[in-house]
């Protein structure tokens, strides 16, 4: 007789901040991020898909999200709350970064030169090239055989 148990890991979902916010949308490849910047009342971490960003993203790409805030010197003033879908983790992080940069511009357009100098306002339009008929991949032709 086997006992059935709920061994699903119960991840802690964070409560989203409330109040006024700045909004921005970022995209990269097939990832789309809807970003809200809330005033930081207390020391709270950034939130991505109702999880703390340090548990959602791997260590190697965590700084990507906070880059626009640190460039403008607003890292202590705002909390990032983002909803992302599509793409991989790196594309999602870059989409959030673009959304944060666009939201900062809604606060004050004077930050444009600092964000532009770091390349944070440019949407990276590179995406996967489509497969063409008669080819194995986008550009890879079938192997040619003389006989």
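The values are calculated or read from the model by the stated rules, or taken from the named source; none is laboratory data. As the structure is a computational prediction, the values presented were derived from the model and not from experiment. Cβ atoms come from the backbone with ideal geometry, glycine included; neighbour counts cover every protein chain shown.
Within region 52-59, does at least one residue satisfy the condition of being under 18 Å from residue 93 (Cβ atoms), assigned to a loop (DSSP other than H, G, I, E, B), modelled with pLDDT of 90 or more and touching a helix residue (DSSP H, G or I) at 6+ places or on another chain (Cβ under 7 Å)? Yes, there is a match, as at least one residue in region 52-59 is under 18 Å from residue 93 (Cβ atoms), assigned to a loop (DSSP other than H, G, I, E, B), modelled with pLDDT of 90 or more and touching a helix residue (DSSP H, G or I) at 6+ places or on another chain (Cβ under 7 Å).
Answer yes or no as to whether residue 137 is modelled with pLDDT of 95 or more, more than 22 Å from the chain's Cα centre (by Cα) and farther than 16 Å from residue 29 by Cα. Criteria met by residue 137.
Residues that are assigned to a loop (DSSP other than H, G, I, E, B) and either over 11 Å from the mean Cα position of the chain (by Cα) or without any contact (Cβ under 8 Å) to a residue 40 or more places away in the chain (or both) within region 60-95 comprise 62, 73, 74, 75, 76, 77, listed in sequence order. From the residues in region 12-51 that are at negative phi and loosely packed, with under 11 Cβ neighbours inside 10 Å, which one is modelled with the highest pLDDT? In this case the residue turns out to be 20.
Cβ separations smaller than 9 Å between residues 6+ apart or across chains give the following pairs from region 117-133 residues that are free of Cβ contacts under 8 Å to residues at least 40 places away in the same chain to residues that are in a loop (DSSP other than H, G, I, E, B): 129/137; 129/138; 129/139; 130/138; 131/137; 131/138; 132/138; 132/139.
Among residues of region 67-84 being in contact with a helix residue (DSSP H, G or I) (Cβ under 8 Å, 6 or more places away or on another chain) and within 13 Å of residue 99 (Cβ to Cβ), the one that is surrounded by the most Cβ atoms within 10 Å (Cβ to Cβ) is 68.
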